[in-house]
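Undergrad: Pasting in a structure now, in structure tokens, and then I'll have a few things to ask.
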Amino acid sequence: MWPVLVDAVITVEDEEILEATQYCYRIHKVVIEPSAAIGLAAVLSDNFKKNPMSSCSQNVGIVLSGGNADLDVLFESWKNL
């Protein structure tokens, strides 16, 4: 059996996920679908920054995938932020 390697679970709201997709597009010029932005949203969230373990996290890897996004729908959802 594998050891448990999870120190904490960070939850994010839909709005934070959309903000992460927008951040990824504006800063990195990469379009990702919202489901792929959950990890990025978690790392950018206040919950992550307030977590005592985050101060020990010098390097964080996030897998960004899923370019199968409907751009019209994605850009429209950003208007509501």
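None of the figures in this text is laboratory data; all of them are computed from the coordinates on show. Keep in mind it's a predicted model, so treat the numbers as computed, not measured. Glycine also receives a Cβ, built like all others from the backbone with ideal geometry; neighbour counts cover every protein chain displayed.
Undergrad: From the phi angles alone, apply the Karplus equation (6.51, -1.76, 1.60; θ = phi - 60°) to region 53-61 and give each ³J(HN,Hα) in whole Hz, x where the residue is Gly or Pro.
TA: My calculation for region 53-61 gives 5, 5, 5, 8, 8, 7, 10, 10, x Hz in order.
Undergrad: How big is the dipole moment of the chain about its Cα centre under a simple scheme where the beta carbon of each Lys and Arg is +1, that of each Asp and Glu is -1, and everything else is neutral? Debye, nearest 20, please.
TA: Computed charge dipole of the chain: roughly 380 debye.
Undergrad: On to the next question. Rounding to the nearest 10 and keeping the result within 0 to 90°, find how far the Cα-based axis of helix 14-28 lies from the longest principal axis of the chain.
TA: Taking the Cα atoms of the chain, the angle to 14-28 is about 80 degrees.
Undergrad: If you take the charge dipole of region 14-79 about its Cα centre, with +1 on Lys and Arg Cβ and -1 on Asp and Glu Cβ, which of SER55, PHE75, ALA42 is farthest toward its positive end?
TA: SER55
Undergrad: Among all the aspartates and glutamates, which ones have a C-alpha under 18 Å from LYS79's C-alpha, if same-chain residues fewer than 8 places away are not counted?
TA: GLU13, ASP14, GLU15, GLU16, GLU19, GLU33, ASP70
Undergrad: Could you give me D for the chain, from Stokes-Einstein at 25 °C and 0.890 mPa s, where the hydrodynamic radius is the Kirkwood radius over C-alpha pairs? Units µm² s⁻¹, please.
TA: Here the translational diffusion coefficient equals 179 µm²/s.
Undergrad: Counting only C-alpha contacts under 8 Å and six or more residues apart, can you give the relative contact order of the chain as a whole percent?
TA: Across the chain, relative contact order equals 34 percent.
Undergrad: Further, regarding this structure: Which of the trypsin sites (Lys or Arg not before Pro) found in region 1-60 are loop residues per DSSP with 12 or fewer other Cβ atoms within 10 Å of their Cβ?
TA: Loop-located and lightly packed - LYS29.
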